[in-house]
Each structure stands twice: as C-alpha cells, then as structure tokens.
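Written below as structure tokens is the structure these notes are about.
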Amino acid sequence: MNDRRTQPRDCQDAAAHIRLPEGGGWTTWELAPAQVATLAAHGGLVQMHPETATRWRLKAKDQVGSVRLGTGVGTLQLTITPKVPVDRLLHLVSYAPERVTFDPRPVTADSRPDLLPALAYAFVSAADRALLHGVLHDYRETYETLPVVRGRIRHADQLRRRPGVPVPLEVVYDDHTPDIPENRLLLAATRRLLRVPGLEPGPRSALQRLTARLDGVRLLPAGAHAPGWTLDRRNARYAHALVLAELVLRGASYELDGREIAVDGMLVTMWRLFEAYLARAVGEALRLRVGGRPEAQDRSFFLDAAGRHVLKPDLVHYLPSPRDGVLRQAVVLDAKFKTKPQRDDLYQMTAYCVRLGLAEGHLVYASGRPSLVEVPVGEGRLRIWRHVVDLSRPWRDLAVDIADLAASVDAARGAAVGSPPHANIRQGETS
C-alpha cells in the first residue's frame, strides 16, 4: 500500500507546479528553457513576458483547472484557480461535462467528502485505459470437489470427508482468473457509481459496458471492506483507476490542486461552465416546482425582424398559457460569472425581456449583492432582478440555494402575472 501512495508525490516531484489565478495579475516564475517552450506551445492558457533568460512573468487567461503539459525536462503542471471561490468544481462539472476538456495525463489532487456524479467521467476514463490491453488475470489457488483430478488431490481432506470413496475428489489447483482483488475493486466502484443520483446517460452507459467487461469477477458482499492491493509491475496500468475506485467506495470525490492522489487533468472556461450549470440547475428546479419545459441556451428568438441577430439567453422556461394551454415563454434568465454587475448586463436583459414579451428578467451573478432595477418601457416598467449564487458554499447548501432561487423567480413571475400588462410588454407573448 505504501508504494501506491507514493504515486501522486512522484507525479508532483517530477514536474514544476505553476499556480495562477484566473484573470489575475502578472506573477514571476523561474522556468527552464524547455518549460518556457512548453508554455509557449499552449499559448491559449497563459500570457508570457520575459524578465531574464530564466525569469518569466505569467498571467492566466480565462480557463481554469489543472493539467500536465510537456515531456522530459519541459514537463510542468499548470493549475489555474477560479477568480470567484468555488467549493466544489466537480459539482458544477456534473451539470455540464461537455464544457470540460479532460486530459489523461495525471495531475495531483486531494480527496474530498461526498461522492459527486462528475467523478464517473474521471473513473470511466481511467478504467478504460486500465483495460485497454485486456482485463488483468492472475493465478488463484482454488479448492473444489470434482469428479476428476485437477491439480493435486488434497489427501487429508479426501480421507476425512470420504474415506474409501474414490469419487468425487477433493482437489486444489491454480486457476488463471480475472476474479482478483484489483478487478473486484473496479467492479464494486462501477456498481456504486451506477447508483449515484443525477448520473448522465453517457457515463451510465460507459459504466454498464465496464460491468460487462468484468464478467467473471465476483461482487463484493454488502458491507465488505474494499480488497487490498499493492502496486507492482503486474498491475501498474491499473493504479490510477484503483485509486479512484477506492475514493468511490469511500463515498468520496476530489478537488484539484492537492498532493494526495493522481487524477486526470481538466480544463474548463469558467464563465461557460457557470452559464451551463445555472441554466440546467435552475431549469430543473423550476420544472420540479411549476412544471413546464426549461430550454437551456435557447436560440429560438431574434432581436431583429429579419432574423439575423440571434438572442442568446442562458435559460428560457416555458409554461402552459392560461388561455389555450400552449407552452409559451414565461421566464428568462442569464448567468454572469463576474465579480460585480455591469451596465451592459441591464441593456442585454432589457432586450431579452422586450423581445420575449416578459415583464421581468433575471440576472444571476457569482458574487455581489442582490438588487432590483426597474426600467421604464412604454407605459409600464420592466423589472430586472439581480440574484447572487455563492459558489464557495458547500455543494449541498448550493443545491438548496438553487431551489430558493427558483422559488424567487417563480414569485416574481406570479407578481408580474397579477400586474396589468401594457402596450410594449405582454406577459407570455412575443412582442
């Protein structure tokens, strides 16, 4: 077990670890020429400016995460932290995995409590690589009662159980089998992940295929401890997947920028992830609360009559019209991964509301204070609500906050429905 635990530290020691804040200021780093070449080859991640031959000023761009770059002496680990504190990045990833670029080269991370659906993506990737050249087999001493000789006869057991009876025979033999501790651990983790709520169809199908590949491996009995294993030449290709499997069976997950375990690298543009997370999480909360149909990243509305300028709200929620029961737009919401509100956000939401025919719109920020802005439009007033979702809160509290946000959005809609419509804004109809 000690050999296995040194794996992340070896990963850490083998490469320089550069840590930068997303969109932060310039910081100075000592870099070898090969490492400079590595960063230059991945110019989309950082800006670079030389001070001396070995001292470089670095500044992160708009992606966050941790990734291992380069080879040989040019190898380094680059970690970019979000400008807004995020308690569990993997919780957000669970809602929008398509926004994330996973990299199989290992980076270091720390385990964290709570099993999150996004861990399934990392586990499936690691397990697929482990089984790329087939399922690991090993010889296991097997005791059986057979009608013929296989291996060698256990004479003491034969005489004690069947004195004077020639068959059946008590035998022991070495069986070349996949039913070994490493595969039992993978199978147990696979079955555990399949029970995680909120698992997307993609990883669910991949986990089911993984279960089929581990045919012949026994399930762990309920309540049994995870089987032990020791890193050696035989199972080295399994090591990454086995570490993640142990996390799964502990009901745990991980977050980047630690030293405890090795995980797949991951990069994501944070503002895109925040938009997708808010749209799907709030849309689902509204659907559970009031019914209807949420449309994340709805692109069915245009600013102009000719249809050349598409509107891009992050969420439009449709509800049945009280007149004819036809689903019509009832809520519009847009996410802003910003540290403070900007006037352009109000202009954008005003355009959304006027074009969708809604009396209120909702802007959701990752920091700041909630507020209400009233905009005169024709003979009435348009209300633009500024909400705040604190991503630094534990993910279970964040889930409660999303439900509360959906309740606030529904309450604002109900108030607007009860107010008299005016010429330019008609609730539930396109102007």
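Miscellaneous remarks
- Among (1) over 27 Å from E275 (Cβ atoms); (2) touching a helix residue (DSSP H, G or I) at 6+ places or on another chain (Cβ under 6 Å), the one test that P117 misses: (1)
- Here H240 fulfils each of the conditions (1) at pLDDT 90 or above; (2) under 26 Å from A96 (Cα atoms); (3) crowded, with 19+ Cβ neighbours inside 10 Å apart from (1).
- Subset of the stretch 59-92 (residues that are surrounded by fewer than 20 Cβ atoms within 10 Å (Cβ to Cβ), more than 23 Å from the chain's Cα centre (by Cα) and either within 30 Å of S392 (Cβ to Cβ) or not hydroxyl-bearing (S, T, Y) (or both)): K59, G72, V73, G74
- Residues that are of a type in the set (S, T, Y), closer than 30 Å to T339 by Cβ and under 13 Å from the mean Cα position of the chain (by Cα) do occur in the stretch 120-130, at least one of them.
- Candidate set from the stretch 359-396 (those that are hydrophobic (A, V, I, L, M, F, W, C) and in a loop (DSSP other than H, G, I, E, B)); member that is farthest from V331 (Cα to Cα): L391
- For the condition farther than 28 Å from P82 by Cα and either not β-branched (V, I, T) or not assigned by TED's automatic domain parsing to the domain that holds E22 (or both), D215 qualifies.
- In the stretch 303-350, the residues that are of a type in the set (S, T, N, Q) and part of a loop (DSSP other than H, G, I, E, B): S321, T339, Q342
- For A126: the one exception among (1) part of a helix (DSSP H, G or I); (2) surrounded by fewer than 18 Cβ atoms within 10 Å (Cβ to Cβ): (2)
- Scanning the stretch 169-200 for residues that are modelled with pLDDT under 90 and of a type outside the set (D, E) yields a total of 9.
- Breaking point among (1) polar (S, T, N, Q); (2) exposed (fewer than 15 other Cβ atoms within 10 Å of the Cβ); (3) over 26 Å from A366 (Cβ atoms), for Q47: (3)
- If you filter the stretch 151-168 down to residues that are at pLDDT 80 or above, of a type in the set (D, E, K, R) and outside any helix (DSSP H, G or I), you find that the one that is surrounded by the most Cβ atoms within 10 Å (Cβ to Cβ) is R154.
- Considering residues of the stretch 286-302 that are in a loop (DSSP other than H, G, I, E, B) and more than 24 Å from the chain's Cα centre (by Cα) only, the residue farthest from Y347 (Cα to Cα): G291
- Applying a threshold of 9 Å to beta carbon distances and a minimum spacing of six or more residues, or different chains, the list of pairs starting in the stretch 226-241 at a residue that is in contact (Cβ under 8 Å) with a residue 60 or more places away in the chain and ending at one that is surrounded by fewer than 17 Cβ atoms within 10 Å (Cβ to Cβ) and basic (K, R) reads L231/R5; R237/R129; H240/R129; A241/R129.
- Verdict on V172 being among the β-branched types (V, I, T), in contact with a strand residue (DSSP E or B) (Cβ under 8 Å, 6 or more places away or on another chain), assigned to a strand (DSSP E or B) and under 28 Å from L267 (Cα atoms): no
- Single unsatisfied condition, L31 versus (1) surrounded by 15 or more Cβ atoms within 10 Å (Cβ to Cβ); (2) in contact with a Lys or Arg (Cβ under 8 Å, 6 or more places away or on another chain); (3) at pLDDT below 85; (4) not aromatic (F, W, Y): (3)
- Answer from E275, E295, E255 - the residue that is surrounded by 20 or more Cβ atoms within 10 Å (Cβ to Cβ) and either within 30 Å of V331 (Cβ to Cβ) or of a type in the set (D, E) (or both): E275
- Within the stretch 110-125, the set of residues being out of contact with any strand residue (DSSP E or B) (no Cβ under 7 Å at 6 or more places or on another chain) and not β-branched (V, I, T) comprises P117, A118, A120, F123.
The values are calculated or read from the model by the stated rules, or taken from the named source; none is laboratory data. Keep in mind that this is a model prediction, so the values were computed, not measured. When we count neighbours, we look across all protein chains shown, and the Cβ atoms used for this are built from the backbone with ideal geometry, even at glycine.
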